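Scroll down for the structure; my scribbles are underneath it.
The values are calculated or read from the model by the stated rules, or taken from the named source; none is laboratory data. Predicted model only: the values in this text are computed from it and were never measured. With ideal geometry, Cβ positions are generated from the backbone for all residues, glycine too; neighbour counts draw on all protein chains shown. Just the protein is used for accessible areas: all its heavy atoms, side chains included, with ligands, DNA and RNA removed. Shrake-Rupley method; radii C 1.70, N 1.55, O 1.52, S 1.80 Å.
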Amino acid sequence: MLKLYHVGGSRSMRSLWLLYELGLDFELVSMPFSLEHLRAPEYLALSPLGRVPCLVDGETAIIESGAITQYLCETYDDKGLGRAPGDPERVEWLQWLHYAETVAVHGASLVQQKVFVAKEERSPTVQKLESKRLEKALQVIDRRLETRDYLLASGFSAVDTNVGYSIHLAKGFIPIDPFPRVTDYYARLSARPAFQKAAEVVPLDEKPRVKQPS
Ligand SMILES: N[C@@H](CCC(=O)N[C@@H](CS)C(=O)NCC(=O)O)C(=O)O
């Protein structure tokens, strides 16, 4: 059976959301954001940087939420959420799958700045820069949504789970209402039962009980 290692509110929410969308059976290993769990030797044997998500399928352990999305779609998708090579939307599907991380790295940097780094070491310059870059990244999504409800013209697909999570993360740090299409898109995504189930373990605002990860 598939097994997902997950920390509420983290990028593993993408994989959890997709597993629910696909209606697959899986075991969920929900961990606190704690070095005790993430750097445990047994976990490092699966996920060498000690990060989430990590999906285990039999003998295979897969890290990187984008790769997990692609793997799940290529291996278990009977809901039409992937786009195989040769599909007219394949290139767009791949592009948005990876764009999700372009957005998320700014969110992750703001998590570092506003949560993990000690107050006296936080940098207003870095925070301003990362917030601006996050806004620019959302602007691109907003423009994309001028002519469609989801990232692909054909409708909801797995890439919306990856990018949707990035917006979920961004929302914790910058207002998204300057981007009306992103706001409506997020409302559509967060109304999905699979999103809600994946988000419910969350507390994004749960104070991590860890020192700064290294
Ligand atoms: N590019 C990776 C990023 C994975 C990642 O950095 N995950 C964070 C949570 S959002 C993590 O596990 N952090 C724990 C740590 O840095 O120790 C992906 O998309 O899976």
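Would you check if there is a residue in the range 29-39 being loosely packed, with under 15 Cβ neighbours inside 10 Å and part of a strand (DSSP E or B)? Checking the range 29-39: at least one residue is loosely packed, with under 15 Cβ neighbours inside 10 Å and part of a strand (DSSP E or B). Looking at the structure I just gave you, is Val91 crowded, with 18+ Cβ neighbours inside 10 Å and not acidic (Asp, Glu)? No: the conditions fail for Val91. How many residues does the range 6-29 contain that are among the aromatic types (Phe, Trp, Tyr) and in contact with a His (Cβ under 9 Å, 6 or more places away or on another chain)? Number of matching residues: 0. Kindly indicate whether any position in the range 73-83 is assigned to a helix (DSSP H, G or I) and in contact with a Lys or Arg (Cβ under 9 Å, 6 or more places away or on another chain). Checking the range 73-83: at least one residue is assigned to a helix (DSSP H, G or I) and in contact with a Lys or Arg (Cβ under 9 Å, 6 or more places away or on another chain). Residue-level check: of (1) outside the structural domain of Met13 (by TED's automatic domain parsing); (2) modelled with pLDDT of 95 or more; (3) open to solvent by less than 40 Å² (accessible area, probe 1.4 Å); (4) aliphatic (A, V, I, L, M), Val117 misses just (2). Taken over the range 97-152, the criterion of being in contact with a helix residue (DSSP H, G or I) (Cβ under 7 Å, 6 or more places away or on another chain), closer than 30 Å to Leu72 by Cα and of a type in the set (S, T, N, Q) is satisfied by Thr102, Ser109. You will find that of Gly107, Gly50, the residue that is open to solvent by less than 20 Å² (accessible area, probe 1.4 Å), part of a helix (DSSP H, G or I) and within 15 Å of the ligand (Cβ to nearest atom) is Gly107 and no other. Answer with yes or no whether Ala61 is out of contact with any Pro (no Cβ under 7 Å at 6 or more places or on another chain) and either open to solvent by less than 20 Å² (accessible area, probe 1.4 Å) or assigned to a loop (DSSP other than H, G, I, E, B) (or both). For Ala61, the condition - out of contact with any Pro (no Cβ under 7 Å at 6 or more places or on another chain) and either open to solvent by less than 20 Å² (accessible area, probe 1.4 Å) or assigned to a loop (DSSP other than H, G, I, E, B) (or both) - is not met. Each residue in the range 61-81 was checked for being within 13 Å of the ligand (Cβ to nearest atom) and over 12 Å from Arg14 (Cβ atoms), and 4 pass.
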